[in-house]
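**Student:** Once you've had a glance at the structure underneath, I'll fire off some questions.
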Amino acid sequence: MARAARGEEIGIISGAHVIALRPVAIAAADYAEQEYRLTKAELAKAAEKIHEEIDAAETIEFTGDLRAAFASASLADQALSQPRGKAGARRNRGGKRRVASAA
């Protein structure tokens, strides 16, 4: 691997095939297209949805105090588990209803 990374041409013989071992440039721009088989339009739509979910997410400001952050998170979780009717309900990944806190 190290020799191939330095530019040496290395071939691995597998039956009647020779497989080249060489460095390959990875372009981040086409990673999702190659990895997930998304078109550019599908990728843009997925990114938009992710940003919408991030913008809609409830957050807790972290001030550097872990105990306070965990306490705040615990209170938020408790508020989410309180049934408040259909108006504030939404579903989590498992399909169960979760209720957004009013705070």
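The values are calculated or read from the model by the stated rules, or taken from the named source; none is laboratory data. Everything quoted here is computed from the prediction, not taken from an experiment. Accessible surface areas use protein heavy atoms only, side chains included; no ligands, DNA or RNA. Shrake-Rupley method; radii C 1.70, N 1.55, O 1.52, S 1.80 Å.
**Student:** Being hydrophobic (A, V, I, L, M, F, W, C) and open to solvent by 90 Å² or more (accessible area, probe 1.4 Å) is the filter; apply it to the range 30-64 and report the residue that is modelled with the highest pLDDT.
**Tutor:** Ile50
**Student:** Ok, one more. Please enumerate the residues belonging to the range 19-29 that are charged (D, E, K, R) and open to solvent by less than 90 Å² (accessible area, probe 1.4 Å). Talk me through it step by step, then tell me what you get.
**Tutor:** Initial filter on the range 19-29 (charged (D, E, K, R)): 22.
Answer for the range 19-29, where residues must be charged (D, E, K, R) and open to solvent by less than 90 Å² (accessible area, probe 1.4 Å): there is none.
**Student:** Within the range 4-18, does at least one residue satisfy the condition of being assigned to a helix (DSSP H, G or I), open to solvent by less than 100 Å² (accessible area, probe 1.4 Å), over 30 Å from Ala73 (Cα atoms) and not polar (S, T, N, Q)?
**Tutor:** Yes - at least one qualifying residue is present in the range 4-18.
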